Amino acid sequence: MATIKDIAHLANVSITTVSRVLNYDETLNVSPETRKRIFEAAEELAYVVTPKKKPKSKWKIGLYDSFSLEEELVDTYYLSIRVALEKKLKSNSIDFVRIDKEGNGDNFRKIDGILALGTFKKKDIEKIKSFKKPCVFVDSNPDDYYFDSVVIDFNSATKNALNYLTQLGHENIGFIGGVETDMYGNRFKDLRQDVFENYLKEKGIFKEELVKIGGYDPKDGYTNLREMLSADPKPTAVFVANDTIAVGCYKAASELGIKIPDDLSIVGFNDVATAQYMVPPLTTVKLYTEIMGETSVDLLLERLVSKREVSKKITINTKLIVRESASAPQKK
């Protein structure tokens, strides 16, 4: 496992700076570019790609994402996929260019295919269609008929996390998450929340007051957990929609004198590189972002070579990574 010292060396910053950035220290005054460099270093050291010398590829690929640098740094899930995409392209000696949604129109005429990362609005999807280039959507599936896609099995991932908590003996289980937006701008319930509610209802232990919905950043985790712990019934465990929310939960628990996992178990989602450095290390659902990135590139290249007309959808499975943030509830 890479250490904070390894990340500091690769990012060319101090160990203290790495520690504070990975823990989302809001009092630290560093530039977004420095934060980005640290998160990218952490992701690059999280898995190893054996370099192989390959001849220069004839293909040129456009990377089209739906998020800003600020959004990428708040929740590093997409950053980790982007790093994997870029590493796979480099290992295959494929030229690629980042495409600005507001411009770079000429670049679309010069590229052979598109990797679209994130969730997009209808106008962006129609724009991508208008370029008439093979495209793979990564982590979304806006049009089964027209596009290839690589997505996560959120249903089984959520159930695996809840199976773990209920097998530990938890019944008062909370959920903290956000709201999704589709390509038409419609807001709808996060799939993880849907699965969470149905799962607990089937077991007869669902409590609506233990569901808190806001955004997906540390501030939302902090605020929502404090609210949840100030009312009754209090949760003995909380499942959160991403690891970034968990960071805020850790801070709220610390301020309230709640010990993790003795007083409160927390299970996250994504297994971003920072999860293993939290105290205690976070139990979380691992999304294989490196496999998502590699599979997306392979899928696009296969379509470019074969000229395949029928679209494909590939679903990547997940794994619960058990660390130290969850345990059986304390008997009172």
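The values are calculated or read from the model by the stated rules, or taken from the named source; none is laboratory data. Just so we're clear, the structure is a prediction, and the values are computed from it rather than from any experiment. Neighbour counts are summed over all protein chains in view; Cβ atoms, including those assigned to glycine, are modelled from backbone coordinates with ideal geometry. These accessible areas exclude ligands, DNA and RNA; they are computed on the full protein's heavy atoms, side chains included. Shrake-Rupley method; radii C 1.70, N 1.55, O 1.52, S 1.80 Å.
Out of curiosity, is G204 open to solvent by 20 Å² or more (accessible area, probe 1.4 Å) and either free of Cβ contacts under 8 Å to residues at least 60 places away in the same chain or among the aliphatic types (A, V, I, L, M) (or both)? For G204, the condition - open to solvent by 20 Å² or more (accessible area, probe 1.4 Å) and either free of Cβ contacts under 8 Å to residues at least 60 places away in the same chain or among the aliphatic types (A, V, I, L, M) (or both) - is met. Filtering I152, I176 for residues that are over 29 Å from L229 (Cβ atoms) and in contact with a strand residue (DSSP E or B) (Cβ under 6 Å, 6 or more places away or on another chain) leaves a single hit, I152. Checking each residue of region 271-279 against the condition of being closer than 19 Å to F175 by Cβ and modelled with pLDDT of 95 or more gives no match. As for region 310-317, it holds no residue that is open to solvent by less than 30 Å² (accessible area, probe 1.4 Å), of a type outside the set (S, T, N, Q), touching an Asp or Glu at 6+ places or on another chain (Cβ under 9 Å) and part of a helix (DSSP H, G or I).
Report, by residue number, each residue of region 207-258 that is without any contact (Cβ under 8 Å) to a residue 40 or more places away in the chain and assigned to a loop (DSSP other than H, G, I, E, B). Matches in region 207-258: K207, G215, S230, A231, D232, L256, G257, I258. Among the residues of region 22-68, none is identified as among the hydroxyl-bearing types (S, T, Y), at pLDDT 80 or above and open to solvent by 60 Å² or more (accessible area, probe 1.4 Å).
Residues that are aromatic (F, W, Y), out of contact with any Pro (no Cβ under 9 Å at 6 or more places or on another chain) and open to solvent by 10 Å² or more (accessible area, probe 1.4 Å) do not occur anywhere in region 235-243.
State all residues of region 279-309 that are buried (at least 18 other Cβ atoms within 10 Å of the Cβ), closer than 20 Å to I94 by Cα and not aliphatic (A, V, I, L, M); if no residue qualifies, say none. Selection gives T289, E290, G293, E294, T295, S296, R303. Report whether or not A246 is surrounded by 21 or more Cβ atoms within 10 Å (Cβ to Cβ) and at pLDDT 95 or above. For A246, the condition - surrounded by 21 or more Cβ atoms within 10 Å (Cβ to Cβ) and at pLDDT 95 or above - is met. Note on region 3-21: residues that are open to solvent by 20 Å² or more (accessible area, probe 1.4 Å) and not hydroxyl-bearing (S, T, Y) total 9.
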